[in-house]
Amino acid sequence: MDLQIRDKVALITGATGGIGFATARILADEGCRLVLSDVRIERLEKDASSLPTEVLCIAADVTDQAAVDTLARKGREKFGSVDIVVHTSGITGAKGDPLEMTDADYREAWDIDFFSAVRLARATFPAMREKGWGRFVCITSENAVQPYWEEATYNTAKAALAAFVKNLSYQEARHGILCNTVSPAFIETDMTDGMMEQRAKEMGVSMEEAVTSFLDEERPGIALKRRGRVDEVAAAIALIVSERGSFINGSNMRVDGGSVQAVQN
């Protein structure tokens, strides 16, 4: 299906590997030109050379407004516009008793998982408004609506991110900018690999056994009994940023295999 976004320019943060690069690949296949960013871009530049489109790779720290402004400006200078923003950068942050987490722990997650999206919107929306067309998608998490007690720093930042994007959706639609979130759960990424490797070590079992026990004990809603794939998340993102998704605004699309055990967000 033609998503009708050929020659659009997509800016993707956290683009090295995982969901970010999977999204880059599918948007490249749809004919988008790409501005790809991460804090380090050595691997990104190498991987980007395989994509069938024009690509600009820029190292940028999303905790720095000046760096984010420069990222957006360089994208516009190279391609003439930035039409689509897909914000995948984030951290899991410190874990443990919510009251034992320090102010610094909460601020770190807040700055990287939440405030980075505010910075990106500031840097990209004015030009999108002038053009009358734009897409803004942020990756939240199942944790935003189904929090796990030991991940309070991450949960609160992701919940704030979901609320922020919902707020944007009301104001920006009149300018032709559609704002949405995508909420993955237990996707095959470096982050969940690390979680499962640690679990396997603690339990004295194989990685596969660790995943199976985690699904049974911690994520009973995932009836598929497997981790999701990054390309499955990327496909949802591609739809939302496309002309085919032109009536999707202010939504939170779950790509979680049923992990969230509720009807509503």
- Among the residues of segment 100-114, is there at least one that is farther than 23 Å from Gly20 by Cβ and of a type in the set (Lys, Arg)? yes
- Message: Among the residues in segment 61-81, are any surrounded by fewer than 18 Cβ atoms within 10 Å (Cβ to Cβ) and modelled with pLDDT under 95?
- Response: no
- Message: For the list (1) modelled with pLDDT of 95 or more; (2) crowded, with 17+ Cβ neighbours inside 10 Å; (3) in a helix (DSSP H, G or I), I need the number of the one condition that Asn143 fails.
- Response: (1)
- Task: Return the total of residues in segment 231-244 being crowded, with 18+ Cβ neighbours inside 10 Å and more than 21 Å from Leu161 (Cα to Cα).
- Result: 1
- Task: Six or more apart or on different chains, Cβ under 6 Å: which pairs go from a residue in segment 94-106 that's over 16 Å from Ala160 (Cβ atoms) and in contact (Cβ under 8 Å) with a residue 12 or more places away in the chain to one that's surrounded by 10 or more Cβ atoms within 10 Å (Cβ to Cβ) and hydroxyl-bearing (Ser, Thr, Tyr)? Could you list them?
- Result: Ala94/Thr153
- Message: So, in segment 176-191, how many residues would count as being assigned to a loop (DSSP other than H, G, I, E, B) and closer than 23 Å to Ala210 by Cβ?
- Response: 4
- Query: For residues in segment 122-140 being closer than 18 Å to Ile240 by Cβ and surrounded by fewer than 22 Cβ atoms within 10 Å (Cβ to Cβ), which is farthest from the chain's Cα centre (by Cα)?
  - Reply: Trp133
- Being surrounded by fewer than 17 Cβ atoms within 10 Å (Cβ to Cβ), over 21 Å from Ile19 (Cβ atoms) and assigned by TED's automatic domain parsing to the domain that holds Gly245, is that true of even one residue in segment 175-196? yes
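Could you count how many residues in segment 94-137 are of a type in the set (A, V, I, L, M) and assigned to a loop (DSSP other than H, G, I, E, B)?
Within segment 94-137, the subset of a type in the set (A, V, I, L, M) is 94, 99, 101, 104, 109, 112, 117-118, 120-121, 123, 127-128, 137.
Add one more test, that the residue is assigned to a loop (DSSP other than H, G, I, E, B), and what stays is 94, 99, 101.
Count: 3.
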- Within segment 198-217, considering residues that are surrounded by 14 or more Cβ atoms within 10 Å (Cβ to Cβ) and not polar (S, T, N, Q), the one farthest from the chain's Cα centre (by Cα): Val205
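Looking at this structure, is Ile12 assigned to a strand (DSSP E or B) and buried (at least 24 other Cβ atoms within 10 Å of the Cβ)?
Details: assigned to a strand (DSSP E or B): yes; buried (at least 24 other Cβ atoms within 10 Å of the Cβ): yes.
The answer is yes for Ile12.
Could you pull out the residue among Ala94, Ala67 that is touching a helix residue (DSSP H, G or I) at 6+ places or on another chain (Cβ under 8 Å) and more than 25 Å from Ile26 (Cβ to Cβ)?
On the way: Ala67 fails: touching a helix residue (DSSP H, G or I) at 6+ places or on another chain (Cβ under 8 Å).
After applying the criteria, what remains is Ala94.
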- Can you tell me how many residues in segment 212-265 are assigned to a loop (DSSP other than H, G, I, E, B), touching a Leu at 6+ places or on another chain (Cβ under 7 Å) and among the basic types (Lys, Arg)? 1
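The values are calculated or read from the model by the stated rules, or taken from the named source; none is laboratory data. Only a predicted model underlies this, so the values are computations on that prediction, with no experimental measurement involved. Heads up, the Cβs are rebuilt from the backbone with ideal geometry, glycines too, and the neighbour counts pull from every protein chain shown.
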